[in-house]
Each structure stands twice: as C-alpha cells, then as structure tokens.
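Structure first, then comments.
Since every read-out is calculated from the coordinates, none of them should be taken as a lab result. As the structure is a computational prediction, the values presented were derived from the model and not from experiment. Counting neighbours? That spans all protein chains shown, and the Cβs are built from the backbone with ideal geometry, glycine included.
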Amino acid sequence: MAFLDNSGDIILDAVLTDLGRKMLAAGNFRIHKFALGDEEIDYSLYNTSDTRGNAFYDLEIMQTPILEAFTSDQSLMKSRLVTLTQNNILYMPILKMNNKYNSCKPDANLNGFNLIADTVTYSGNNVFNSVAEAGFLHGVPREYASTTTHICIDQGIDSSDNGQSIATRMRPELLETAFDIKVDARLLTIDNFIGGQTKTAPATTVTIDDDGIATYRIQQGVGDSSIVGPYDPSRAFAGERSREDILSADQTRLTAIRDTSEVFAGPLGNVLRIAPRTTPAIQTSTSLFTELGSDGADLLFRGVSAGIDVYKYIDTTISVTGITTGYTLDIPIRIIKGSAFTSP
Amino acid sequence: MAISFKTLTQKDRTQSRTLLHESIPITGTLVSGTYNLQSNLLREDNIKTFSHGMFQSVYDYPYASSSANHIFDISAGFSSSHTGSLSASAATNTVSQVAKKVNIYNQMAQVLCGYDTNSTVRPFDADGDLSGDGGIKHANAIFLNFSRLLVKDEIKKGSFSLELGTSSISNHTNQSLAPFIGVKTITDVGSLTSYKVNSPAGEYGILKENGTNLNVGLIYYQAGIAVLTSSVFNSGANNSVHTLMTTGAAAGDSAIGMLTGSTIDVFADAIRKRIKNVSFNNTTELNSSIFFCRANHDEFNYSSNPTYLTGSKIRVKAGTSGNEALNPPSAYVTSVGLYSPDNKLLAVAKLSEPLRKDPTNELTLRVRLDY
C-alpha cells in the first residue's frame, strides 16, 4: 500500500476488511465497538534529550508516514492504545517465554520450539530408549519420554527499578486474566496445559476466520484453564513450570526463586501454559510440508547419537495476546516431520 | 482494568446519503471511425453484433480484448398497434426484421412506459402527458441503452446532451464528413426542475431539439436509456423533410425508410456514423454509516506497542527530571479499528498523520463507511 498524503488536512482512509465484506455478505455485519491503533509508531524515536524542550521530543514520531489501510483483518491493529484509569503508571508488564524450566525451555537456536509432527518422528522410528531434548515438543498428545512438555508465557514487569521485585504485587488492572492465541488452523491446534495427572485438554473456545487463522480464547478460572496466578503454589507439580510460594519466602529465597524460576525481576503477573498440537493433515500427510515447508537433514534430538536423518519442516508462529494490556508475543514454531532416522 | 476497546453507542453513529456525480463524455470518433474494420469490413473492432441481430453494442476498445468496456447499445423498433405505425407497410418486407423491431419496441415500451388500464402496452409519448388520447407518440423509435458502468445509479437530470449529424449523405463527397455539415443538439434542458414520474421505470425527461424546441425523444434517468424518434434526423418544419441516411444497401433511404427496409444492425451503423458527441453526468448514491470514535481525556493514553516500553518502562514518561511516574502518559493514534461484538475486525481507517493522545486532550475521529 502507498503512503497517505500528509501534506494537508488530516484525513481518514477507511476500508472494510475482507472479513467485514464476508460478514456483510452473510448478513451479520454489525459494528459494535472501536479501538485505536499505533502500529507504525516507533516510540524509541521519542527523544527526551532534545535540548529545545519537551514540545520537540515527539517531532520524529509526528512525522511518521502512514500507510493506506490493508484489507486483511489479520494485518492491522496489531498494537492498540490502552485505557488505564491511573495516569501515574511508569512500568507496564510484558510477555516473555519462560526458559528457566526444562519442561518449557525453548530451542536456543530457534528461540522458539521444534514441534514434532507425528509419533513416528517423535519416537525416532520406534526407539524409546532416550529422552527428547529440551526445545522439542510432541505434536501428538501421547505419553513419551519428554523433556519439554509445554510452552509457558509469563507476564511481568521486567525491571527492578524503584525497589520493585518479584514480591511486589502487580497492579490488579494490569494483570492478564485472559489470552488470545492465534495459529494457522491448517497446521496447529492448541491444548491447555493443565499439569498433574490431567496433563492437557484441548482449548475449546475457538473461532476460525476467512484467512484460516484460528483464535483460541483462554480465560483464567474458566473450564480447563491453563493460567496460573502469581501466588498460586498449589498448582506446583514436579517437572512442570509452576509458581513458588513467594508470599512466605524470605529475601534469600526470593532471590533464588527469581534466578531459578522467573524471567522477570519485577512484579509478576499470570502464566499461560499451552501445548501446541499438530492437525491430522500434518500428522498423516506431507502435502502441506511440500507446499509451505523446506527440507532438512541430520537433526539430533535424542542425545548425540539418535536423530532424524531426513525431514521436512514448516516454520510458523503462535501469536499470544494479553486481553488486558494488548501486549503480543509471537513464538516461532518449527514443525518437523522425519522420513529417515538414526537409532542410538 | 486496562481496556483497549470502547463500545459505540447510538449517539456515536449516524447515517447519511450523498450523491456523487461524474462527467461522462463519449466522443463520436469512439463510436465510429477510430478502430480498424473487422474482417467483414462492415464495422470497427469495437462494435459487437449478435446473430439475433436485435441490437448492436459499442465498446471503448476492440471488444475481444479484456480491457474493453461496454459503453452503450443501439437498437430500433416501431409500434405494431399505434395509429400511423409502420408495421402494415413493412410487413411485406421479408429482409427487415419486422417482427424483431416490433418486439424490441414493445419490450422497451412495456418496461419504460408500462400498460394502460386495459393492460395494453403504452407507446412512447412525446410530451409524457398520458391524459386523453395522449397526443403525439414516438411510434418509430431509436434506443440508446447506456451501460451501468457509465450510468451508475442514474443519469443526472438536465445533464444529457446528444449531438447528431443530420445532413443528407449526398451533401458531401466524403461520406464520413457529410452528416456533420448540419448538427442538431438534443438535450433534456429544464429537466433538473421539471421531469416526469409516470413511468414504471422511474423518472424521465423530455429530449428537445435545440433551436426548434421540438420533442424528439425521452430520457429515462434510472434506466439509463435514451429513446429518440426516427424523425430526429429530418429537417424542415416539424422535421418533415427526410434526410438521406446512407448510400449503402438501402441507398437513398431516410431514417424511417431504413427502419422498415434495413436490418437493425445496418440502421444502427448509420446512426453511429451520425453521433458526434454524447455527454451526461452520472450519479452514484452513497449511503454512509458515520461512526464518531470518541477518545476522552482519560482514555487511550497508553499503548501496547512493543516499542512503547524499554525494560517495561514507558518511554514517553522517561527522561524528564523529578518523579517520572507523575509525567503524563501519551500515545499516538494512526488507525481506527471497527469491531464486531466478538472482536472481529470489520473495518479499518488510517489517519494520514499520527495524532497525539494524552490526558490533556480529547479526540473525536469521524469514520465514514460508504455502501
């Protein structure tokens, strides 16, 4: 799309999205609410060192050229303006992948997760005498020896300034109590990671739009919710990402918890735990790998001697958005389907 | 609770209707003479004829090309029942598509004029006054049917103008120039304030010949159809002197002679070669929903933009002396998203430049969606 002419009066260039047109055709087009977006803005251009005064701090931001509206409903409004009742908030929480536990540790090279497409690939062609390394998730919910079992998205304030610590309570209005998770519906589904004996359960609140993007809404305390609160040690299970008893910990213990369990130095929010699964089309066929993917070779994931000699893979993302703050985290996922293996 | 959506109430939305006009000029050279002749040497490449022969289509480019746009159709016909009609004399002519011309006339008349109380199709009335015997009828008619691409919702009243060459073909040695020695301009002058509404096809105006002010046709605005009497090419008092239209197969024929003695395609060819200019303004009716997206002073002052924070600290609060937390937050609006109740993005509006939003100001962004 071209840039909008910003030489004269401020204008609004409005279009229906493809989804809007589809709903118009279906007779259920109803506009109910609005949001304001700022996706072109790079706030790092806010220059507080400009010696001419604070009226000039945002000079470069105000000169940002704006693109015409896209019609894809998935391409715009990625970052929205937020209403908070207080004006004295200096720190806002963000989302991060937790990499402190092996059970949710991402692949270091990918900075995301390898998702094994089917059981044949995951078992290394029926070899079970070793455990998959961290960063490898199984796309089929079965009991195999696994190091990494789920993905954890932690919410928190990434700063210890002004005396903030993990023991400091986060403002309730900033706490994420629900998340939207967007995935390509051709490739992935999402399970709640509940932990304990139950392990996982499919997330049920899902809508799929005209572009084939599935949106899962996971809410705290609703159904098999996989959201763990900041002071929720009762949900601690061995080998899983869990929450320690922060409230009764002394300073030494707090420091230990911060270093070994948490990815934030400041106040903690909720934790979302999910397990991505592959769709039947991904498990049983290579057609999507041929269309969307690439070929790879010699991937070791069960120790140094057991791996996948030949495989196909698809790179995709899982997009997680906090409903409260609108903050979005994109998690890289590499779906791997092997065709030749090396036994240990 | 932090929120990023705001519900639109009834006070935040309204509807409006706007009429948009475009000027449509059609030059005569486009209608005849610009493009190469087809292999049969009868017509240019932008003229499409049909095996049924009931009308001829004019395109703005050789019609076989996907770039071609349909401009208008030409057809002609006459009444079979009205006093003074041609059918009785023409019925003996086996080459002149009598039945098809009558069918065309009746079809156009029933759509544009409707029926009388006896369920008989009304003929085209010269002045639109249907009282009594109705006065003069256009029993022998030429039809110019403009495409929806040009007309859009309707032709703007009072904007129609048609220039026709009306000299006899024998007046000049160059047959392409001969018709234009004498040119008549036909308009719907006065129709902006005076038009007829007694047609089932919507509103229509009277086409008048400039100078003589004779009623020579009708223009149906919503249908986008001009109906001309075949006598429009004539000259003299009350257009009573016949003009020689062509030296072709029906050599020496007048318009009325060609209407009975030639096929519709041949007659349409002769008409095309006499069109100098056609122009009108079309009308597009835009129905708009207007949404007033109001951001109050205490709303939308923070952002979820990943660059908004550095180490979780809000950038736009940093850097000034004193307690940074007390500095007012700010954010910059570049787009407005309109959502369904279940958070589906239905429409997007982009601002041409960022707008600063902070607790010291309020914004009302007016988003108009046209249908």
Compute log10 of I(q)/I(0) for segment B:296-370 with the Debye formula, placing one identical point scatterer on every Cα and leaving out solvent, at q = 0.15 Å⁻¹, to two decimals.
-0.64
Computed label-point distance, nm, for sites B:ARG366 and B:ASN323 using a 7 Å Cα→Cβ extension:
4.1 nm
Give me the angle, in degrees from 0 to 90, between the Cα long axis of helix B:98-112 and the longest principal axis of the Cα atoms of chain B, rounded to the nearest 10.
40 degrees
Quick check for me: using +1 on Lys/Arg Cβ and -1 on Asp/Glu Cβ, what's the dipole size of the protein assembly as shown about its Cα centre, in debye to the nearest 20?
960 debye
Rounded to two decimals, the Rg over Rh value of segment A:74-116 from Cα coordinates and the Kirkwood Rh reads 1.15
In debye to the nearest 20, how big a dipole does segment B:97-154 give about its Cα centre with +1 on each Lys and Arg Cβ and -1 on each Asp and Glu Cβ?
400 debye
Tell me the relative contact order for chain B as a rounded percent, counting alpha carbon contacts under 8 Å between residues six or more apart.
19 percent
Relative to the longest principal Cα axis of chain A, at what angle does helix A:251-260 sit, 0 to 90 degrees, rounded to 10?
70 degrees
Could you give the radius of gyration (one decimal) and Dmax (whole number) of the Cα atoms in segment B:1-71, in Å?
24.3, 78
With only helices counted (DSSP H, runs n ≥ 4, each -39500 (n - 2.57)), the per-residue ellipticity at 222 nm for chain A, to the nearest 500, works out to -2500 deg cm²/dmol
Note on segment A:1-85: contact order normalised by length, alpha-carbon pairs under 8 Å, 6 or more apart, percent, works out to 46 percent
Cβ-defined net charge surrounding B:CYS113, 14 Å radius [Lys, Arg +1; Asp, Glu -1]:
-2
Can you compute the radius of gyration and Dmax for segment A:1-127, using only the Cα atoms, both in Å?
22.5, 70
Taking every pair of alpha-carbon atoms in segment A:132-231, give the share separated by more than 17 Å as a whole percent.
62 percent
Could you tell me which residue out of B:TYR63, B:SER96, A:ALA275 lies farthest along the dipole of the protein assembly as shown toward its positive end? Charges go on the beta carbon: Lys and Arg +1, Asp and Glu -1, centred on the Cα centre.
B:SER96
Report the calculated FRET efficiency for B:ARG148 and B:GLN38 (r = Cβ-Cβ distance, R0 = 25 Å), to the nearest 0.05.
0.45
How big is the charge dipole of segment B:296-370 about its Cα centre, in debye rounded to the nearest 20, if each Lys and Arg gets +1 on its Cβ and each Asp and Glu gets -1 on its Cβ?
200 debye
With the dipole of segment B:21-283 defined by +1 on each Lys or Arg Cβ and -1 on each Asp or Glu Cβ, the option from B:HIS52, B:SER194, B:VAL232 whose Cα lies farthest towards the positive pole is B:HIS52
Could you point to the residue in A:THR316, A:GLY112, B:LEU218 farthest towards the positive end of the protein assembly as shown's charge dipole, with +1 and -1 charges on the Cβ of Lys/Arg and Asp/Glu respectively?
B:LEU218
Around B:GLY165, what is the net charge, scoring Lys/Arg as +1 and Asp/Glu as -1 over all other residues with Cβ under 13 Å from its Cβ?
+4
What is the sum of charges, Lys and Arg at +1 and Asp and Glu at -1, for the other residues whose Cβ falls under 11 Å from the Cβ of A:ILE61?
-4
Expressed in whole Å with the largest first, what are the equivalent ellipsoid semi-axes of segment B:21-283 derived from the C-alpha gyration tensor as the square root of 5 times each eigenvalue?
26, 22, 19
Length-normalised contact order for chain A - Cα pairs under 8 Å, 6+ apart - percent:
20 percent
Isolated Cys in the protein assembly as shown by the 4.7 Å beta carbon test?
B:CYS113, B:CYS293
Evaluate 2.2 N^0.38 Å with N set to the residue count of segment A:282-328, then give the Cα radius of gyration divided by it.
1.69
Debye sum, Cα scatterers, the protein assembly as shown, no solvent: what log₁₀ I/I(0) at q = 0.05, 0.06 1/Å?
-0.45, -0.59
Give me the log10 of I(q) over I(0) for chain A at q = 0.07, 0.09, 0.10 Å⁻¹, as the Debye formula computes it from C-alpha points; what are the numbers?
-0.36, -0.60, -0.73
